[in-house]
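S.K.: Here it is: the structure, laid out below.
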Amino acid sequence: MEYYSKEISSLIEELGRLPGIGAKTAQRLAFHILHMPKDDVERLSHTLTQARQNVHYCKECFTLTDQDICPICANAKRDHKQIMVVEDTRDLAAYEKTGKYEGVYHVLHGAISPMQGIGPDDIKLKELMARIAKEDIEELIIATNSSLEGETTAMYISRLVKPTGVKVSRIASGVPVGGDLENIDEVTLLRALEGRTEL
Ligand code: ZN
């Protein structure tokens, strides 16, 4: 990329590190940014830095939030005896969009994948077990993706939690295999939730 000056090249390079951004898109974004009003660029960079600095895990459910306890966990009207286990914050958002789920969540931040060397200790599983031990939980709804990793994780959690006497259920597989929860429409998500079966 010698035909661009150093600063332009490094801007393109940084943008190209982002997931889903190929070389062409990185170039287009870089030139877009270079033509933006300086104030807008400053606001963008400020927003990036602030978000990265202030967003962390909720102390209860481990979703990403800028508060100590996220608004869902802090809401006394939610059913705190029902926990839905999801892989990431985007999956939580997908269920929240349906507006029909009244329990709380637990975000694992990943799924068990022996192929990729991701074990039970690499996701927020110990934290889930700690919640089950500490809180009065009636049902755990496992809503991990229906990929191989998601299923493996669901089975692992089920085996771990069963002896505690907490009811463990799995959302119905109306969700296509390998499908990311965030890409699935709300009707399918609700159907999967309503059709959940006990493990
Ligand atoms: Zn929370």
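S.K.: Using a/c under 1.5 as the rounded threshold, could you call the chain rounded, prolate or oblate? The axes a ≥ b ≥ c are square roots of the C-alpha gyration tensor eigenvalues, and prolate needs a/b larger than b/c, oblate otherwise.
M.R.: prolate
S.K.: Could you run the Karplus curve 6.51 cos²θ - 1.76 cosθ + 1.60 with θ = phi - 60° over segment 14-20 and give me ³J(HN,Hα) per residue in whole Hz, x for Gly and Pro?
M.R.: Each residue's phi maps through the Karplus curve to give 4, 5, x, 6, 6, x, x Hz.
S.K.: Tell me, what % of the accessible area of segment 42-199 is carbon and sulfur with a 1.4 angstrom probe?
M.R.: Of the solvent-accessible surface of segment 42-199, carbon and sulfur hold 52 percent.
S.K.: To the nearest 10 square angstrom, how much accessible area does PHE31 have with a 1.4 angstrom probe?
M.R.: Here the accessible area works out near 70 Å².
S.K.: Run lengths n ≥ 4 of DSSP H only: what is the helix-derived mean residue ellipticity at 222 nm for the chain, with -39500 (n - 2.57) per run over all residues, to the nearest 500?
M.R.: -13500 deg cm²/dmol
S.K.: Here's another thing I want to ask about it. Between LEU190 and LYS81, what FRET efficiency comes out of the Förster formula 1/(1 + (r/R0)^6) with R0 = 35 Å and r the beta carbon distance, rounded to 0.05?
M.R.: Computed FRET efficiency for LYS81 and LEU190 comes out at 0.95.
S.K.: Let me ask something else about it. Which net charge results when you count Lys and Arg as +1 and Asp and Glu as -1 among the other residues whose beta-carbon is under 15 Å from that of ALA133?
M.R.: Every neighbour counted, the sum reads +1.
S.K.: Moving on to the next point. For the chain, set up a Gaussian network in which alpha carbons nearer than 10 Å are linked by springs, and say which option among ASP136, ASP39, ASP79 fluctuates the most.
M.R.: ASP39
S.K.: Taking the dipole about the Cα centre of the chain, with the C-beta of Lys and Arg at +1 and of Asp and Glu at -1, give me whichever of ASN54, GLY20, GLN67 is farthest to the positive side.
M.R.: Result: GLN67.
S.K.: In a GNM of the chain with a 10 Å cut-off on Cα contacts, which of ARG131, ARG17, ARG52 has the highest mean-square fluctuation?
M.R.: ARG17
S.K.: Sort all Cα-Cα distances of segment 1-82 into consecutive 5 angstrom bins from zero, then give the percent of pairs in each bin up to the one containing the longest distance.
M.R.: Going out from 0 Å in 5 Å bins, segment 1-82 shows 3, 13, 14, 16, 13, 10, 9, 9, 6, 4, 1, 1, 0 percent.
S.K.: While we're looking at this one, here's another question. Heavy atoms only, probe 1.4 angstrom, no DNA, RNA or ligands counted: give me ILE21, ILE157 ranked by accessible area, highest first.
M.R.: ILE21, ILE157
S.K.: Also, I was wondering about something else. With springs only between Cα atoms under 10 Å apart, run a GNM on the chain and tell me which of PRO114, PRO19, PRO163 wobbles the most.
M.R.: Maximum fluctuation in the GNM of the chain, among the listed residues, is at PRO19.
S.K.: Between ALA51 and LYS24, what's the calculated FRET efficiency when r is the beta-carbon distance and R0 is 25 Å? Round to 0.05.
M.R.: 0.45
S.K.: While we're looking at this one, here's another question. Distance check, please: which entries in LYS6/LYS59; LYS38/LYS97; LYS100/LYS124; LYS24/LYS97; LYS24/LYS100 exceed 31 angstrom between their Cα atoms?
M.R.: Checking Cα-Cα distances, LYS6/LYS59; LYS38/LYS97; LYS24/LYS97; LYS24/LYS100 exceed 31 Å.
S.K.: Where Lys and Arg each count +1 and Asp and Glu each count -1, what net charge lies around SER158 among other residues with Cβ under 11 Å from its Cβ?
M.R.: +2
S.K.: Which of rounded, prolate or oblate describes segment 53-94 when judged by the alpha-carbon gyration tensor and an a/c cut-off of 1.5?
M.R.: Because a/c hits 1.5 or more and a/b fails to exceed b/c, segment 53-94 counts as oblate.
S.K.: Taking H placed 1.01 Å from N in the peptide plane, check which residues at least 5 places from ALA111 or on another chain put their amide H under 5 Å from its amide H.
M.R.: Correct list: empty.
S.K.: Explain nothing, just compute: Karplus ³J(HN,Hα) = 6.51 cos²θ - 1.76 cosθ + 1.60, θ = phi - 60°, for every residue of segment 69-74 in order, whole Hz, x for Gly and Pro.
M.R.: 10, 5, x, 5, 5, 7
S.K.: If the chain between THR98 and GLU42 were fully stretched, how many nm would it gain, using 0.36 nm times the residue separation less the Cα-Cα distance?
M.R.: Between THR98 and GLU42, full extension yields 16.6 nm more.
S.K.: Assuming 0.36 nm per residue, please report the length gained on full extension of the stretch ASP66 to ASP121 beyond their Cα-Cα distance.
M.R.: Full extension of this stretch gives 17.3 nm more.
S.K.: Cβ under 12 Å from ALA74's Cβ, ALA74 left aside: what net charge do those residues give with Lys, Arg +1 and Asp, Glu -1?
M.R.: +1
The values are calculated or read from the model by the stated rules, or taken from the named source; none is laboratory data. Note that this is a predicted model, so its numbers are computed, not measured. Cβ: placed from backbone, ideal geometry, glycine included. Neighbour counts: every protein chain shown. For accessibility, only protein heavy atoms count, side chains too; no ligands or nucleic acids. Shrake-Rupley method; radii C 1.70, N 1.55, O 1.52, S 1.80 Å.
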